[in-house]
Amino acid sequence: MKVAGFTFIRNAVKNDYPIVEAITSILSLCDEFIVALGNSDDETAALINGINSPKIKIINTVWDDTLREGGAVFAHQTDIAFNGISADADWVFYIQGDECVHEKYLPVIKKEMEDNLNDARIEGLLFKYLHFYGSYDYYGHSRRWYRREIRILRNNKAIHSYRDAQGFRLDGRKINVKLIDAYIYHYGWVKPPAGLKNKLLNFNQFYHDDSWIAQNLPETFEFDYKNADRLIHFTGTHPAVMQKRIAATNWKLNIDLNELYKKMTFRRKALQKIEDFTGWRVSEYRNYKLVK
């Protein structure tokens, strides 16, 4: 069984993406790893080269900055990395620049790839998610946060990244997947308030034009943590590759969790109660098709 990892990245230093941690968190499972390295104006290339692994192959790319609707440039860059994978790879492991896998899940993931290798029904493996928010001590858990996404796929080049690289499609249809007992730790919203403000400004330039940004994100805006809906205190451990970054944290999340929850609408609270008691998320959007 041959496994290839892949990702895309641009300006990881400027935007404080844990790209090195993301790659190294799954590198041991991979026989090769493709990085679509965008035209950065910081030290991102040095970061990737600093991993110093013979498994890593860099594809230098230039982002089309005119693609400013729906995050389409992210899907385009994902496809570039995917298409750079060797033809003899069986599985491909996709990870984004703000995601990590805890080392405790690596044996589970490897076994799932081995066990499902010859099951043609399974076109991908579906992961559960923890979305850390504001700090490494809390994660968002409400209908605002997607619960699952595909991160392992068959090496079928007819598969393409979908919309803003949040999912995949095969010949225009959803991928048939198996849900596995492993989590992706998502750290994209773990930054101090000033960092989150910069994230919104940078992120939205790939979704909206300058007039929208000027109107909705003026220079005077302050980041509002209340958009989380509900935060839960995290009592587990973070991946080993994240420990150095976590130790360097120099801010605290100052927010009243009870007040945060009170601001949810009655409908959202009711639907959340159903999910908490039954595990069923009513009318959940599924970017995949569960077959096993």
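The values are calculated or read from the model by the stated rules, or taken from the named source; none is laboratory data. The model shown is predicted, which means the values in this text are computed figures rather than measured ones. As a convention, Cβ positions derive from the backbone with ideal geometry for all residues, glycine included, and neighbour counts pool all protein chains shown.
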In the stretch 28-58, what residues are farther than 16 Å from residue 9 by Cα and aliphatic (A, V, I, L, M)?
-> 29
Total residues in the stretch 55-86, condition farther than 19 Å from residue 31 by Cα and in a loop (DSSP other than H, G, I, E, B) = 11
Being assigned to a loop (DSSP other than H, G, I, E, B), surrounded by 15 or more Cβ atoms within 10 Å (Cβ to Cβ) and at negative phi narrows it down to one of 36, 89, so name that one.
-> 89
Only residues that are surrounded by fewer than 22 Cβ atoms within 10 Å (Cβ to Cβ) and either part of a helix (DSSP H, G or I) or β-branched (Val, Ile, Thr) (or both): list them for the stretch 4-33, please.
-> 13, 20, 24, 27, 28, 29
Among what's in the stretch 103-125 and is under 18 Å from residue 26 (Cα atoms) and touching an Asp or Glu at 6+ places or on another chain (Cβ under 7 Å), pick the residue that is surrounded by the most Cβ atoms within 10 Å (Cβ to Cβ).
-> 125
Give the residue, chosen from 135, 161, that is among the small types (Gly, Ala, Ser) and closer than 29 Å to residue 246 by Cα.
-> 135
Scanning the stretch 249-292 for residues that are surrounded by fewer than 10 Cβ atoms within 10 Å (Cβ to Cβ) and under 19 Å from residue 186 (Cβ atoms) gives 285
Considering only residues of the stretch 1-18 that are of a type in the set (A, V, I, L, M) and under 20 Å from residue 109 (Cβ atoms), which is nearest to the chain's Cα centre (by Cα)?
-> 4
Yes/no for residue 132 being under 14 Å from residue 3 (Cα atoms), of a type in the set (Phe, Trp, Tyr), modelled with pLDDT of 95 or more and not in a loop (DSSP other than H, G, I, E, B) = no
